[in-house]
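Okay, structure first, notes after.
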Amino acid sequence: MGVKGLQYFLDSCFPEASVTVNLSDLARQHAAKRQQGCTTIANRPTLVVDGMACLRHWYSCKDWVCGGQWREYMNVLKTWVEAFTLAGIRLVFFFDGVVEEQKRPEWVKRRRRVNRDICKMFSHIKSHGGQPGRELFCLPSGLATFTRFALRSLGQEVFCSQQEADYEIASYSRQHGSMGILGQDSDFIIYDSAPYFSVAKLRINSLTTVLYDRQRFCQAIGLAVNQLPLLACLLGNDVVSEEQMQHIRKNAMAIYRKNNPAPHSGAPQGQMVLAVAQLVSSLWGREEEETVYIPQSLNLTDRQKELLKRGICSYLLPGQKALQCGHRTALFSAFEKYVSPQIVKDCREKHVAAEGFMVYGVVCEGVIECSNTLEDEEDAELLPQALVYKACRQHIYGLLLLLGRDGSPVDLPVIKEWFVYPGNSLKEPDMVHPVPVSLPCDRPSLDLLWFGSGPEVSALRLTSFLSIFDCQEFSELYGAVEDSLLAALCLVTYIVLQVQTLSLEDVDSYLSQAVCLRLKSLRELQHIELPFVSSRAVQLGSLYVRGLSHLLGANCASGCPLPSAALMPWHSFDGRLFHSKYLLAHGGTEKTVLLDNDSSCLSVFLHLREKLTETCRKRGRVLQSSPRCSAPEYSHKTAPGHRDRHTAWPSGSSEGWRERGETTGGSRPGGQWRERGEARGDPSEDENRERHFHPHPNYHGGAPQNVSCTRKQSRGRSHYSRGRQQLAPRWSHPPAPGT
């Protein structure tokens with residue numbers, strides 16, 4: 001959430017409410033006061049962390065457009081956690097687990113805003129051949145999802161919310177007497193809960209940050225703590241928008257300026273907070289009881305009163321007077337009649353403990369959503385990830401809701417999908433039906449799949465997982481190759497089957513990075529340098545990471561035949577490594593060089609590649625070679641005069657790369673670039689059914705068209721180009737699998 005203008009007021013207009021503190025000192029004081037020397041884990045000073053607010057501060061890696069530097073990110077998280085552990089502070093993390101429907105309009109508004117930034121980002125890449133600055137920074141796809149698993153792997157307590165995460169954070173902190181809340185959301189000063197500390201101002205080396213003092217804030221604006229929810233709603237938040245209470249703020253501002261001709265807070269944002277605070281104070285004084293939350297003298301319509309009531313209720317924690325709030329009701333499953341009570345219970349427990357993915361949204365909510373992905377809406381050859389993985393999700397829904405049923409179309413469940421992709425206006429959800437999964441046995445129940453035991457059930461789980469991606473043949477590889485490589489093979493095969501414009505070079509890029517990553521040290525990955533950035537490779541990187549989250553959802557739905565760790569990106573993907581492999585593969589580099597001159601890696605790569613092409617051939621998908629030109633001519637050089645550290649030509653200069661990268665036979669300069677890059681690392685760190693294909697409307701059969709070296713015009717969808725506010729038409733949805 002967040003109160004409009006309040007964080008600015010706290011930081012810029014009333015610095016007295018912002019106190020620099022040392023969290024180590026506060027932890028010792030908290031322990032001495034409350035625990036009397038007890039040092040058990042349950043009684044250690046606890047800091048409740050808003051995980052979503054921390055993501056931008058945690059992801060400090062150099063690269064973000066290529067799909068994420070996941071192993072480096074894991075190292076950042078480990079260092080961050082260790083700093084608090086050494087100070088004797090217990091951390092409890094909360095992440096958003098749902099988007100409440102009353103917050104959906106604000107969620108949509110934010111997603112559209114990010115989409116505009118993504119358009120600018122791709123424009124920059126295609127013009128300059130490099131990553132833009134932090135002003136266009138966008139979190140790597142799936143960061144929030146995988147961070148939960150990362151923190152759990154580091155031994156941390158992680159919770160996924162079933163309601164608004166801010167509410168659960170404030171409620172948990174109040175109930176458990178936590179030393180504070182670490183986040184960056186002005187709502188935390190409105191809740192009558194634990195002290196609110198700023199993550200934006202946190203210095204991890206010294207554990208110093210800023211405390212926003214709730215009592216000082218109330219004294220400064222002349223309000224009591226129980227009046228803060230009304231102030232927040234009149235200023236505007238995610239429940240009560242600014243527009244809906246604009247007339248009240250306008251009147252409050254007029255009165256304030258009349259009574260304060262020389263206001264001490266000159267900025268309009270500061271004046272607005274003080275003006276509304278004075279209005280709330282004056283209205284409250286006219287009421288007979290100080291506990292009345294919505295003064296009658298506000299003269300609101302019944303609809304406005306109900307809206308304001310909902311907004312105020314969103315701040316009232318258990319044990320506080322709740323205005324007979326009715327929206328914090330007992331949770332129930334959206335599809336109770338399709339699953340057993342034990343399945344519902346298990347879905348909730350795994351969701352809350354951040355152990356599952358996707359299944360809770362499907363079974364208990366009937367809704368799933370996916371935020372922005374780095375996708376180029378001007379690229380007509382690549383389908384948006386939401387449509388690429390739609391068939392996979394339909395099979396996951398089928399596994400969860402149709403398993404053990406007779407297949408009757410009567411009363412078929414439907415899932416509401418809120419997925420962000422180019423052309424989707426997000427005015428309403430996509431309504432998606434589940435599709436049955438073809439299994440060798442006669443309609444097993446989901447309970448058997450999840451809770452059964454024995455080798456037959458284990459085999460059934462693996463078959464279910466592979467069937468979701470139409471890769472049943474790969475069961476013979478289980479145990480013969482690493483789980484992370486089996487997962488990568490399933491994912492790349494699925495992508496090839498769905499995206500008809502993928503080439504052999506794209507497959508080589510995906511598989512070679514998955515195989516080589518296992519032998520790379522963190523130092524080697526950090527020292528990979530790219531001569532330029534390809535916009536197409538950026539989208540393919542994000543497509544892969546989104547696919548990892550679908551692997552995770554399929555694994556959860558299938559009863560977890562694979563360990564979750566095998567599906568984590570830090571074990572199977574690095575954005576810069578993938579990008580380097582993409583440039584080498586499309587530059588014609590020999591396979592031995594592509595696989596780092598490592599014979600064992602080359603052997604594994606060729607084995608996986610053979611399995612992939614064989615499986616695709618059985619389904620009528622024959623891969624073609626379609627090398628892309630390695631370096632377009634940019635309208636601006638990435639860094640004039642700067643020479644790339646691994647090449648003999650300046651960054652952005654396409655001529656030398658073209659001459660060498662497209663040479664056939666013999667030694668490749670791409671290999672020289674790779675070898676030089678590695679030299680900087682530290683070696684010591686060390687049932688089959690016919691498939692019906694539905695190609696993208698712009699695909700005309702055969703191999704994809706080659707791309708000119710010169711900067712290309714937008715193709716295929718140039719008439720879809722939109723202005724700042726106009727949304728492009730939706731991409732056509734491929735038919736459901738098996739139809």
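Here the 3J(HN,Hα) profile of the stretch 511-519, calculated from phi with Karplus coefficients 6.51, -1.76 and 1.60 at θ = phi - 60°, is 6, 5, 5, 5, 6, 6, 4, 4, 9 Hz, Gly and Pro shown as x.
For Ser603 and Leu519, calculate 0.36 nm times their separation in residues minus their Cα-Cα distance, and state this gained length in nm to one decimal. Please list the in-between numbers first.
Values: separation 84, 0.36 × 84 = 30.24 nm, distance 1.43 nm.
Full extension from Ser603 to Leu519 adds 28.8 nm.
Determine the relative contact order of the stretch 334-451: mean sequence separation of Cα pairs under 8 Å and six or more apart, normalised by residue count, in whole percent. Relative contact order for the stretch 334-451 comes out at 30 percent. 3J(HN,Hα) along the stretch 48-54, derived from phi through the Karplus expression 6.51 cos²θ - 1.76 cosθ + 1.60 where θ = phi - 60°, amounts to 8, 10, 7, x, 4, 6, 8 Hz, with x in place of Gly and Pro. I'd like the distance separating the alpha-carbon centroids of the stretch 129-144 and the stretch 463-477, in whole Å. Their Cα centres are 34 Å away from one another. 3J(HN,Hα) couplings calculated from phi for the stretch 581-593 with the Karplus curve 6.51 cos²θ - 1.76 cosθ + 1.60 (θ = phi - 60°) are, in sequence order, 5, 4, 5, 5, 4, 6, x, x, 5, 5, 4, 4, 6 Hz; Gly and Pro show x. Please say if the stretch 28-128 is rounded, prolate or oblate, where rounded means a/c under 1.5 for a ≥ b ≥ c the square roots of the C-alpha gyration tensor eigenvalues, and otherwise the choice is prolate for a/b larger than b/c and oblate otherwise? Oblate shape, in that a/c is at least 1.5 and b/c is the bigger or equal ratio.
Of Lys103/Lys305; Lys103/Lys345; Lys201/Lys258; Lys416/Lys611; Lys103/Lys126; Lys350/Lys427, which pairs sit farther than 29 Å apart, going by alpha carbon to alpha carbon?
On the way: Lys103/Lys305 18 Å; Lys103/Lys345 26 Å; Lys201/Lys258 36 Å; Lys416/Lys611 35 Å; Lys103/Lys126 35 Å; Lys350/Lys427 31 Å.
Beyond 29 Å: Lys201/Lys258; Lys416/Lys611; Lys103/Lys126; Lys350/Lys427.
For His247, the accessible area of its heavy atoms, probed at 1.4 Å with every protein chain present, is near 80 square angstrom.
Give me the one-decimal Kirkwood hydrodynamic radius in Å for the stretch 500-548, with the sum taken over alpha-carbon pairs. Provide the component values of the computation, followed by the final result.
Details: mean 1/r = 0.0812 Å⁻¹.
For the stretch 500-548, the Kirkwood estimate is 12.3 Å.
Near Phe419, the amide H atoms lying under 5 Å from its own belong to Cys370, Asp430; only residues 5 or more places off or on other chains count, and H is placed 1.01 Å from N.
The values are calculated or read from the model by the stated rules, or taken from the named source; none is laboratory data. What you see is a predicted model; the values in this text were computed from it and never measured. When the accessible area is computed, the model is the full protein with side chains, heavy atoms only, and any ligands, DNA or RNA have been set aside. Shrake-Rupley method; radii C 1.70, N 1.55, O 1.52, S 1.80 Å.
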